[in-house]
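Let me begin by presenting the structure, written as structure tokens, before commenting on it.
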Ligand code: LHQ
């Protein structure tokens, strides 16, 4: 069985983590497949929005702990797994200049939680939860956990989550600013498809440039960020979709964006 399932409908690429028997925990094959799918989506102009979700009752339980060579635990360099599997995925999501929506259908633990937090818009089923499980096995929050948790939730909550590894409910995660919305589990995929479908009809270049500027804001000072906004706005202003947006507004009709 393929470790991820991909399906394209109109301009939305849906990527489903597909190892439900281990709660979609990552092995090297699944990490490679996700990385490849993200790379392909970056250059495929028919993809204008991505939707990432999990098969079965979980979103993702992080690293498949059975796939870490355990006869040499302690000696084995797990930094290599972080460098080769997770870091490229997180960078690909952030650098992809298209919206990435994440539909968290169940538990998201370890690298699975941080994969979700690295996406642009996260909606979660009411019964989903988020666990920084790393501390329970002597590890640190990787997959950008130490970067995004304090920025999204604040330092105290990031420290609590990372050092205690408690289960954080979907509603708590929303109230802390970690995710966008919580919906009933039965409605999750319909809501996710609607949102992704909407994003796929929007000015893709403008959304991508917005993402570029938001990424930069995480480390820029005000002066650098204002310059960044000027550059991104200049580029957005040269897109067909900007011209279409203004024309449609003035003609009092709905715009038809082509993503160029
Ligand atoms: C699993 C897993 C799993 C294998 C459930 N692996 N089988 C980076 C670099 C290198 C090394 C290490 O890690 C990292 C990054 C990380 O992500 S570290 C964090 C790794 N993840 C965890 O520590 C989470 C481990 N899982 C859990 O704590 C629980 O399974 C959660 C809380 C996610 C769900 O609990 P339950 O709903 O009670 O399900 P369960 O525990 O019964 O799991 C169901 C099955 O899935 C079970 O297999 P079985 O054959 O007994 O049905 C688990 O063994 C398997 N599974 N997570 N990460």
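Each reported figure results from applying straightforward, stated rules to the coordinates on display, with no laboratory input. As the structure is a prediction and not an experimental result, all values here were calculated from the model. Cβ sites come from the backbone with ideal geometry, for glycine too, and all protein chains shown count toward neighbours.
Structure notes:
- Value of relative contact order over the chain, rounded to a whole percent, pairs C-alpha under 8 Å and six or more apart: 17
- Between residue 234 and residue 198, the contour length at 0.36 nm per residue exceeds the Cα-Cα span by 10.5 nm.
- Distance between the C-alpha centres of the stretch 36-65 and the stretch 152-226: 16 Å, rounded to the whole angstrom.
- Seen against the Cα atoms of the chain and their longest principal axis, helix 204-217 is set at about 60 degrees.
- Using the Cβ-Cβ distance between residue 83 and residue 244 with R0 set to 41 Å, the FRET efficiency from 1/(1 + (r/R0)^6) comes to roughly 0.45.
- Acute angle (nearest 10 degrees) that the helix 188-199 long axis makes with the longest principal axis of the chain, alpha-carbon atoms: 40
- A Förster distance of 35 Å, applied to the separation of the beta-carbon atoms of residue 174 and residue 75, puts the FRET efficiency at 0.25.
- Prolate/oblate/rounded label for the stretch 188-260 (Cα gyration tensor, a/c 1.5): oblate
- Among 38-48, 13-23, the order from most to least packed when residues are scored by Cβ within 10 Å on average: 13-23, 38-48
- Beta bridges by DSSP in the chain, antiparallel share as percent, to the nearest 5: 30
- For the stretch 45-94, the C-alpha radius of gyration sits at 1.53 times the compact-globule guess of 2.2 N^0.38 Å, with N the residue count.
- Helix 222-237 axis versus longest C-alpha principal axis of the chain: approximately 60°, rounded to the nearest ten.
- Helical runs (DSSP H, four residues minimum) scored at -39500 (n - 2.57) apiece and divided by the length of the chain put the mean residue ellipticity at 222 nm at -13000 deg cm²/dmol.
- Report note on the peptides 169-178, 2-11, 56-65: ranked by the mean count of other C-beta atoms within 10 Å, highest first, their order is 56-65, 169-178, 2-11.
- Going by neighbour counts of Cβ atoms within 10 Å, the residues 232, 135 line up, fewest first, as 135, 232.
- For the pair residue 190 and residue 223, a Förster radius of 51 Å applied to the C-beta separation gives a FRET efficiency near 0.70, rounded to the nearest 0.05.
- Sorted largest first, the principal axis extents computed over the alpha-carbon atoms of the chain equal 66, 44, 32 Å.
- The relative contact order of the stretch 163-255 comes to 17 percent, based on Cα pairs under 8 Å that sit 6 or more residues apart.
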